[in-house]
Structures are given as structure tokens and as C-alpha cells.
Amino acid sequence: MDSIQLLFDAPILSVQLLLDGLLIGAIFALAAYGMALVWGVMNLINIAQGEFVMLGGYVAFFLAQAGVHPLFGVPLAAVVLFVLGWMLYRAVIFRVVDKDLFISLLATFGLSILLQQLANEVFGADVRTAESGFGTLFLFDGMVTVAWIKVVAFVAALLAGGLLMLFLKKSRLGRAIRATAQNARAARIMGIDTNRVYAATYSLNAAICGAAGALVAMTWIIHPYLGLPYTARAFMIVVVAGLGNIAAVFTAALGLGAAENFAGFIMGAEYQAGFVFALLVVILIVRNAWLHRKRRYLQ
Amino acid sequence: MLNTGRNIIPVALMVIVLVLAAAGSAHAKVEGDTIVLGAAVSLTGKYSTNGKNTQDGYELAVKRIDEMGGIKVAGKAYKLKIIYYDDESTPAHGAQLAERLISQDKVKFMLGPYSSGLTKAIAPVTEKYKIPMVEGNGASLSLFNKGYKYLFATLSTTEYYLKEAVNLAALEAKKQGKKASQLKVALAFENDPFSQDVRAGVVEDAKRHGMKIVIDDKLPPELNDMAATLTKVKALKPDLFLVSGHAKGAALAVRQTSAMKIDVPMIATTHCDSAKIAETLGAAAEYFLCASQWDRSLNYKDKWFGTAEDYAQRFEKEFNYAPPYQAAESTAAVLVYVDALQRAGSFDTKKVRDAIAATDMQTFYGNIKFDVTGKNIAKPMVLYQIQKGEYKVVAPTQWASSTLIHPRPKWSER
């Protein structure tokens, strides 16, 4: 446990780890908003979440190749992925949306493999990046270094969360989405075209993931097979935070990012993912026990 | 009755095919004045690019040997010919084709396929028939701990990929009046067989120099962020930082050391070429060390092609692209046969095998001398350093064309 000793000797390292963790957590938060939305409204767990992130990354990459600043890739990726999401809904998802959860799980798993292989075939297996050229932010006399683009990504994630919340509360479609989430049958009786709501929800999810992907391309790297970590993290965040609360999703995502970074530092990179899933199990057990107690109290 | 009648046609067809196949075995090891070699290479599928490099490398050697009047075996000059089959980049198919080359085409001398995976599938077949196979594209260490007697590789195996960086760091320490044992080493290697082979070689040499390994992280295969490992590097200030995690590991290491402004005197990685770090990551990739099998600027020489640069120019003229190392090591595999057949003075597979095992020569590709397991131990890996956006060979020092910039300038001074 030399690494723990190191943290005590140089507490500034904790700041570095915390910041890096929170900033990658913000990207996970974006993927998790979308997953929570689709899960909550459509009762569908979208395994292709990470592939939407990956495709969004390619939008930013090709924009940068064309000489446009990849930051414009964030809105563009959202638009492109919205359209793709709509098409996928019309082609595949609407067939499974009211089916058993297991069926939709399989269908989106299939989509995820299909998108990976198509990306591999069309874009090639090469590792790509899009350069933002924003440089590095130095804190504490250069003891802590953070890429500016990560800060941009954090702000973008916060903004996207806020906008999403506003959209769901205030806009007509947003209300329709919430109504459908509460009770799809009742919503249909009240004249809401739930099929349209589902299509919009699924496309919105793809759009948010696409925006996250553009940020990933500017901060880290992209390649056709990068999806899994994002899908897995989004799933875990949603399980912990629940489906109904965007602020909780954001907080859980930041917490996960930070916890993961500390785990990687202390136990080594090989236990980083393992730690995260062990944490998930612990959280579920604790939460279950807590809910149980509460229920008994209410009775 | 009707049934048997119907079956006669396919049976007759099969007999014809079998007879033809038997007739095909007129393709013996030697046809008149031509020595026939066989190879399964990946002309389609995921390895098709490198499969073509392999084939082009073989073909250039065949052409050059013909120009020079062929191979003299026991006083008579022979030409070379290679029978190719496309293994479609699948190991199972590669093994079938090796069977076919040996038992139907009666090939007595095999050349390797592309990739460790295909070589792993074919080696048991050549071993079973006691047919020598010289390969230039299977680098996995696991090929050479199975006790194969008929498998030889011209390239450096995986555990050598980053050893040169450790030795280079030790050399630089001595130049600065320090002891190699004072150096601190940080390792970040992906948790897969290839990268762990590379790591094993590095650890062996670091221990030999008495260096202290301060970080030893195993990166997950679905690696998407190296921040935790890099924070440790920042804190512990190693003198040498080694990374291997295929193309994504190389690209992430370059990107994130630059974004986090991590100062390490020497950083080396594998897969710079496939990640195209100098071409796409610009200033962030500057001063990185990259492992490679071969480079055209090395001053190795042989009687067939001349220098490495001569070879490269000849290759470009022939195929209209610069030779990657995959082609060079394939050409070298054919040269091993040429040299061994001449020394053996016979086409007896056992005698040729023993002659190959006794190979000790220099080629444009590097020195070749096999250890008992069949891997080439005479050719060191090459280390490039990225200087002003170009790959410059800086190690091994006696063959290098450029000098190492060491230590890497600090980010604050760039």
C-alpha cells in the first residue's frame, strides 16, 4: 500500500485524482442521462449506448479532418446521432419496445455489435483523435494539471443536464415524455402518440451520447470498440442513481469517476474496473437493506 | 438400386479428383532446376494488408535470387518458386492449407504466414511432417517454448520489443556518471498475452541492471483513460516510463502525458506505427521512443541486396510503396533458405534443417543467428525517437543513424 502512503505524503495528488475523476465522470454522466431517460420512459436498457458515444466521436474526428474546429462536432454529433437514433427506432427498437426487457436487451446488444463492426468496416480499426488545441490548465504552481478540454466537457455535461431537465419540465414534448413514463396507457388515452414519444426519447438519448462522444474524441481517443466502458459505467450510474432524477445521475457519475480514479491509483489500473463493480454490489446491498428498514418503519 | 446408380457419378468424380491430386504431386520439392517453397499468407481478411507485405517480401527475394543466377546446391544452379494459398486470415484455414502444401503439393520447405496466430496454427503441422518453416511474422514468445525443432523466426520475438529502451536508459545513466541501478522504472502494460510478453522481457533486463520498478500497472483491455497511472508517474518521477497497450495504449500515453504535462526523461512504447502518433498527434508525440523490427536507415548489409536503403529502393521500384518491416523480415526468411541450402548442399529436409539451425550471417534486415528454440537472437529491436515529427533511429547505437535526445526536454522548456 505504498500508494496510500504517497497520498498522505503529497496530498496535492488527491486534488489531481479528484479533478481527473470528476471530469471523466461528467462524460459518464452524459451517457447515463440518456440511459436513464430511455430506461425510465421506454422500460428498455440500451446496450448500444457506448456505440452512440463512439459514433459521436467519429463526427468530431471527421469535422477536424475537414479543417473545422472539433468543438462544433458536439452539436453536430448530437444532430447526426439524433437522426440515426430516429432511424434505428423506426427500424428496430419500435418492434421490441413493449416486449419483455430481455428481448430489448438482446436487440440493443445486437445493435451494439452491428454498429461496432460497421464502424470497423467503414472507418477502419485505427485509433483516432481530434485536437482541440486548448492546452493545459495549471493549478497550484503546476502541481495539478488539467486539460482545458476536460473542463469544457464538464461544463457541457452540466449544461446538457440542465437543458434536459428544463426540456422535460417545460416543453410540450417533454411533458408528453414524462406522462408516457408515468403511465403509457393513460397517456395514450389522453391523446399522446406514445410511439412518437418513444422515437423522440430514443433519438434524444442517441443525441446526448453523440455529444459525449465528440468530447471523448477531443479528450481521449476513439476507435470502433471503445463503447463497452461507457455502456457499463452508464448502467452502473443509473442503477445507483435511479431513473427519475437527473441531478442524482450527475452526482453519481461524478462520484463514480472520482472513486474509480482513486481505486486505479491505489490498487493499480488492473483493479480499477473491478473496484467499480464491487462498489456497485455494496451499494445495492446497502440500499436494499435501507429500503427494507424504511418499509418496515412505514408499516 | 436406383440409389446406387445415382451415387456413381459423385464417386466417379471423386476418383478423378483423387487421381488428379496424385498427379499434382509431381510438384515435388524440386522440379527440374526449380526449388519449390510453400506459404499460406493472408491475402484476404483482416490481415490482408500485412499479408500482401509478406508476399511482396517473399517475391522480391525470389526475383533477386533469379537475377543473381539462382542458388548453387551441390554444384548446380536452381531457381526459386513459391506456391501461395490464401488463408483468409483464419488460423484453422491456415493449418489446412499447410497440410495441403505438404501432403498434396509435396512442398519440403515452408515459409511462414502473417501474424503469430496463424504461425501458431501452422507450426504443429510442419512439425508433424518434419518440414522446416522459416517465418518472419510470428513474434509471440509462446511459439518458441513448445520445443519445436523445425520452426525458425528471423524477427525479434515479443520479449525483445522494449528491452532496448531499458539498455539505452542504462547506457545514458552511465554517460551522466550515474549507476544504472539508481534508475527508477515505471511500467504500464496491457493485460493481454502480447503486452505481458513484452513486459517479461523488460522486467528481466531491469532486474539485471538492478533498476527499481516503482510502478507496475496492468492496463485493462478496454482501456479508455490513463489518468490514474499517469498521476502515479507524476508523483514518483521515474527515469524511464514504458507503455505497451497496442495502438490505443500508445495514442493514450502520448495524448495524456502531453495534456497532463508529465515530465519523464525517457518514455518508450510499442505500436507507434499503427497508432500513427507522429503523423496525427504532432508536438505531443515529440521525443517518444518507439519499438520497431527494422528500418531502412540501418547500416546492415548483405551480398544479395546491399544495404537496407538499397533494399528499400529496390522494393519501392518493384511494388510502388515503401517497404514496411513486415516485408523486410519476409525477404530475410527466404534469404535464410538460400544461405542454408547452399551450405547444406542437399535437399534432404533434415540436413537443410540443421543448416538453417547453424545460420550465422548478416542481411540487409539485420544479423541472423538462431538459438536452440529457433528464434533469432542476433538482431536487436530498433528504437525510433520522434524528432521534429519524424521517426529517427536512435538505437541500437552501433547501427543507428541519429542520436538520441536525452533527457526529454521538460514541458515548461519547450
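So in the range B:251-261, with the set limited to residues that are at the interface with chain A (Cβ under 8 Å from one of its Cβ atoms) and of a type in the set (A, V, I, L, M), which one is surrounded by the most Cβ atoms within 10 Å (Cβ to Cβ)?
It comes out as B:251.
Specify which of the listed residues (A:123, A:138, A:82) is more than 19 Å from residue A:58 (Cα to Cα) and aromatic (Phe, Trp, Tyr).
From the options A:123, A:138, A:82, the qualifying one is A:138.
What's the total number of residues in the range A:223-257 that are aliphatic (A, V, I, L, M) and outside any helix (DSSP H, G or I)?
2
Does at least one position in the range A:169-192 carry a residue that is without any contact (Cβ under 8 Å) to a residue 40 or more places away in the chain and under 25 Å from residue A:229 (Cα atoms)?
For the range A:169-192, residues without any contact (Cβ under 8 Å) to a residue 40 or more places away in the chain and under 25 Å from residue A:229 (Cα atoms): absent.
If a residue must be within 13 Å of another protein chain (Cβ to nearest Cβ) and not in a loop (DSSP other than H, G, I, E, B), how many such residues does the range B:223-243 contain?
Summing the residues that are within 13 Å of another protein chain (Cβ to nearest Cβ) and not in a loop (DSSP other than H, G, I, E, B) in the range B:223-243 gives 11.
Of (1) within 23 Å of residue A:225 (Cβ to Cβ); (2) not in a helix (DSSP H, G or I), residue A:120 satisfies all except one. Which?
Looking at each condition in turn, residue A:120 falls short on (2).
Please identify the pairs in which a residue from the range A:243-262 that is in contact (Cβ under 8 Å) with a residue 60 or more places away in the chain and within 14 Å of chain B (Cβ to nearest Cβ) has its Cβ atom under 9 Å from the Cβ atom of a residue that is surrounded by fewer than 24 Cβ atoms within 10 Å (Cβ to Cβ) and of a type in the set (Phe, Trp, Tyr), counting only partners at least 6 apart or on another chain.
A:259/A:275; A:260/A:275; A:262/A:275
Considering each of A:28, A:72 in turn, give the residue that is within 20 Å of residue A:150 (Cα to Cα) and in contact with a Lys or Arg (Cβ under 9 Å, 6 or more places away or on another chain).
Unique residue meeting the criteria: A:28.
So, in the range B:49-93, of the ones that are touching a helix residue (DSSP H, G or I) at 6+ places or on another chain (Cβ under 6 Å) and within 17 Å of residue B:108 (Cα to Cα), which residue ends up surrounded by the fewest Cβ atoms within 10 Å (Cβ to Cβ)?
B:79
Confirm whether residue B:218 is in contact (Cβ under 8 Å) with a residue 24 or more places away in the chain, out of contact with any Ser or Thr (no Cβ under 8 Å at 6 or more places or on another chain), away from chain A (no Cβ under 12 Å) and basic (Lys, Arg).
no
Residue-by-condition table, conditions (1) within 14 Å of chain B (Cβ to nearest Cβ); (2) over 20 Å from residue A:34 (Cβ atoms):
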site	(1), (2)
A:69	no, yes
A:75	no, no
A:79	no, no
A:85	no, no
A:106	no, no
A:112	yes, no
A:116	yes, no
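Can you find even one residue in the range A:276-286 that is of a type in the set (Phe, Trp, Tyr) and buried (at least 19 other Cβ atoms within 10 Å of the Cβ)?
no
Just a yes or no: is a residue in the range B:141-157 β-branched (Val, Ile, Thr) and under 22 Å from residue B:243 (Cβ atoms)?
Among the residues of the range B:141-157, at least one is β-branched (Val, Ile, Thr) and under 22 Å from residue B:243 (Cβ atoms), which makes the answer yes.
Return the residues of the range B:318-370 that are among the acidic types (Asp, Glu) and more than 20 Å from residue B:144 (Cβ to Cβ); say none if nothing qualifies.
B:318, B:339, B:348, listed by residue number.
Collect the residues in the range A:135-163 that are more than 18 Å from residue B:228 (Cβ to Cβ), within 9 Å of chain B (Cβ to nearest Cβ) and surrounded by 18 or more Cβ atoms within 10 Å (Cβ to Cβ), keeping them in residue-number order.
Residue satisfying the conditions is A:149 alone.
Answer with yes or no whether residue B:202 is farther than 30 Å from residue B:38 by Cβ and either within 14 Å of another protein chain (Cβ to nearest Cβ) or part of a helix (DSSP H, G or I) (or both).
Yes; evaluated as a whole, the condition is true for this residue.
So which helices (runs of 4 or more DSSP H) stay within the range A:1-112 end to end and still have 3 or more residues that are surrounded by 24 or more Cβ atoms within 10 Å (Cβ to Cβ)?
A:12-42, A:49-65, A:73-88
Every read-out reported here was derived from the displayed coordinates using simple, explicitly stated rules and does not represent laboratory data. Everything numeric in this text was worked out from a predicted model, so none of it was measured. A quick note on method: Cβ atoms are made from the backbone with ideal geometry, for glycine too, and the neighbour counts reach across all protein chains shown.
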